[in-house]
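*Asks:* Let me give you the structure first, and then I'll get to my questions.
The values are calculated or read from the model by the stated rules, or taken from the named source; none is laboratory data. Just so you know, these numbers come straight off a predicted model, no measurement behind them. Here the Cβ positions follow ideal geometry from the backbone for every residue, glycine too, while neighbour counts run over all protein chains shown.
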Amino acid sequence: MNYLTYFNEINMTMPTGTWMSIGDLDVNFGILTDSLSMVVIVPVGIVTLLVLFYAIDYMKDDPNRNRFLMILSVFAMFMTILVMSENYLMMFIGWEFVGIISYLLMSFWSTRIAANKNALSAVLLNRMGDTFFVICLGTMITVFHALDFDTMSLMTPHMDTYMLNMLALLTLLASTAKSAQLGLHAWLLGAMEGPTPVSSLLHAATMVCSGVFVLVRSSFILEYTPSMLLTMLWLGGVTTLMSGLMAITSNDMKRVMALSTMSQLAMMMLAMGSSAYDLAIYHLYCHAFFKALLFMSAGSIMHSYISESQDMRKYGGLLTYTPYSYTTMLMASLSLMAMPGLSGYYSKDIIIETLYGSYNISGYMMFYMATASASLTAIYSLRVSYLTFNNMPNGSRYTYSQVHESLWMAMPMFMLSIYSMYLGFGRDSVVFDLNMSLPHTNAWMETEYTLPAIVKLLPLMLGLSLSISLVIVYEYYYKMFTNSTYNYLNSRIYYDQLLNNLIIRPTLKLGGLLNTNVDNGLLKVTGNTGASRLLNSMNMLMIINIIYMFIVNTYYFMR
């Protein structure tokens, strides 16, 4: 075999052992190195390495720093298992463990009640998604008698459409929980209570993207379920718009970035809903770098501030004190805003254009929703920068005298800023490699050459004009924000209150009733308590039985 043939051998499975073999079901340990896993493992590896380097200095005063770094390293191992797994069961191991490790990292500062509560909330909402994933695995075993991707992709065209829709729905629900789409998104905002390196790695670059990865890996099923693709399209459109609206009114710096992550994951959902899986993965690839940089820049600012506040209104005037953090945050924000020439432009703008290039009603509607979301992205990105660096200083003189920047934290930020600026130039080669192992329509190629210029420039023009108008509003018309719409969005559309009042409290009440009447009632009487009473009264029963038999025998003898 010559080197060229070996180099072009895209899909390669490396079996490492048999897990179980029951009848015609064989589940193996194995590593799959196709173009999809190779593209996703690049940001996972690079961002993990840079976050570990960043965390060494960020957590230097923490007494449990070594334990923190070990947990981060274990997370990287299980994320690699998730990405490079050969079958769904091995993928589920990685899926499950990254959720558990995220709980350990979110509640790392365990003396803080807010961190414990939000970590518990996150793990419970993720368990909901895991439940759907387990049901999906059982259904796959029943229908396909296999769990490896190659066998299932070959059998899918011959399967019952109703079962394929069921599998697609279960996978979508699992991914909705893990990738924080509207409805199961509340945990992502609470997860910002953890240390910033955790937010940078788990909740920007890797773990939250695992739901998108699983959906793309299941693309051979989704392509035969157009109704699920349409559902995914609309879910992504509503999520990206609502998260943008919530972000422009939020005052917590890390929560704004978390809502931004939610919005970008919804963009990937939009791409998958229009069968552009290659563009979804390419946006995941680029997004990991500039969003990790955005969180690192925010962490650099919060770490240097004495109170370590996350409220942007307490900052202001930091441009003079933290010029390097300002530069890196500006580069990450411009990439997020899809400014031409930066990596976010090459991955995000083509998704928005492809929605219009699908030439159907849902595509047109999603194009305008995605354009509105891109405009909101520009607004809240500039708002974060303005309130933090350009606004009037709002802290004490002593606080500002202690603001500083760290060289060791600056080095990984510099590497990520290079990726954020220049990564997009290799888009065509990466997308071409993804097309080797994914279903593709090449709609983006037609879109590139057929759309009118106004459609291509609309997100850019709206983003620039509205973000500039935001500065004018903040300088001269700030009081206009005190209205009911602002309060509604600032309260995150009251989703947490609705979740508590409509679902969690009735569920807890039902659980209390079941505990009283079933666990401590029926089951106890017919179970351990009943058995104990039976044993205690056994002697009395034997005496009564003997007396009864004596009376009966005496009666028959007398006759």
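*Asks:* Residues in segment 125-140: is at least one more than 29 Å from Ile31 (Cβ to Cβ) and touching a residue at least 40 places away in the same chain (Cβ under 8 Å)?
*Replies:* Checked against the condition, which is being more than 29 Å from Ile31 (Cβ to Cβ) and touching a residue at least 40 places away in the same chain (Cβ under 8 Å), segment 125-140 yields at least one hit.
*Asks:* Taking the condition among the aromatic types (Phe, Trp, Tyr) and under 22 Å from the mean Cα position of the chain (by Cα), does Phe29 pass?
*Replies:* The answer is no for Phe29.
*Asks:* Using the structure shown, decide if Ser406 is free of Cβ contacts under 8 Å to residues at least 60 places away in the same chain, within 18 Å of Thr328 (Cα to Cα) and touching a helix residue (DSSP H, G or I) at 6+ places or on another chain (Cβ under 9 Å).
*Replies:* No: the conditions fail for Ser406.
*Asks:* For segment 303-316, state whether one or more residues are of a type outside the set (D, E, K, R) and within 16 Å of Ala378 (Cβ to Cβ).
*Replies:* No, there is no match, as no residue in segment 303-316 is of a type outside the set (D, E, K, R) and within 16 Å of Ala378 (Cβ to Cβ).
*Asks:* Which count do you get for residues in segment 333-368 that are more than 28 Å from Tyr422 (Cα to Cα), in contact (Cβ under 8 Å) with a residue 24 or more places away in the chain and assigned to a helix (DSSP H, G or I)?
*Replies:* 4
*Asks:* For segment 121-180, what are the residues that are outside any helix (DSSP H, G or I) and over 20 Å from Glu86 (Cα atoms)?
*Replies:* Passing the criteria: Met159, Asp160, Ser179, Ala180.
*Asks:* List the helices (runs of 4 or more DSSP H) inside segment 217-292, counting only whole elements, that have at least 1 residues being surrounded by fewer than 23 Cβ atoms within 10 Å (Cβ to Cβ) and out of contact with any helix residue (DSSP H, G or I) (no Cβ under 6 Å at 6 or more places or on another chain).
*Replies:* By residue number, 226-247.
*Asks:* For segment 73-111, which positions are among the charged types (D, E, K, R) and buried (at least 19 other Cβ atoms within 10 Å of the Cβ)?
*Replies:* Glu86
*Asks:* Which ones in segment 355-370 are at pLDDT below 90 and out of contact with any Phe, Trp or Tyr (no Cβ under 9 Å at 6 or more places or on another chain)?
*Replies:* Tyr359, Asn360
*Asks:* Assess whether Gly316 counts as being surrounded by fewer than 21 Cβ atoms within 10 Å (Cβ to Cβ) and closer than 23 Å to Ser469 by Cα.
*Replies:* yes
*Asks:* Starting from segment 416-440, take each residue that is under 17 Å from Ala338 (Cα atoms) and list its partners that are part of a loop (DSSP other than H, G, I, E, B), counting only C-beta distances under 7 angstrom and pairs at least six apart or across chains.
*Replies:* Close Cβ pairs satisfying both conditions: Ser420/Leu342; Met421/Leu342; Gly424/Leu342.
*Asks:* Kindly indicate the residue of segment 389-448 that is touching a Phe, Trp or Tyr at 6+ places or on another chain (Cβ under 7 Å) and charged (D, E, K, R) and also modelled with the highest pLDDT among those meeting that condition.
*Replies:* Glu405
*Asks:* If you check Tyr368, Tyr324, Tyr356, which single one turns out to be over 23 Å from the mean Cα position of the chain (by Cα), under 22 Å from Leu49 (Cβ atoms) and surrounded by fewer than 24 Cβ atoms within 10 Å (Cβ to Cβ)?
*Replies:* Matching residue, one of Tyr368, Tyr324, Tyr356: Tyr324.
*Asks:* Taking the criterion of being in a helix (DSSP H, G or I) and either under 30 Å from Arg383 (Cβ atoms) or within 30 Å of the chain's Cα centre (by Cα) (or both), would at least one residue in segment 514-530 satisfy it?
*Replies:* Scanning segment 514-530 turns up no residue that is in a helix (DSSP H, G or I) and either under 30 Å from Arg383 (Cβ atoms) or within 30 Å of the chain's Cα centre (by Cα) (or both).
*Asks:* If you don't mind, another one. Which of the following residues is of a type in the set (A, V, I, L, M, F, W, C), under 18 Å from the mean Cα position of the chain (by Cα) and under 22 Å from Asp34 (Cβ atoms): Ala122, Ala174, Ala146?
*Replies:* Checking each option against the conditions leaves just Ala174.
*Asks:* Out of the residues in segment 29-57 that are under 30 Å from Phe432 (Cβ atoms) and in contact with a strand residue (DSSP E or B) (Cβ under 6 Å, 6 or more places away or on another chain), state the one that is surrounded by the most Cβ atoms within 10 Å (Cβ to Cβ).
*Replies:* So, considering only residues that are under 30 Å from Phe432 (Cβ atoms) and in contact with a strand residue (DSSP E or B) (Cβ under 6 Å, 6 or more places away or on another chain), the one surrounded by the most Cβ atoms within 10 Å (Cβ to Cβ) is Leu32.
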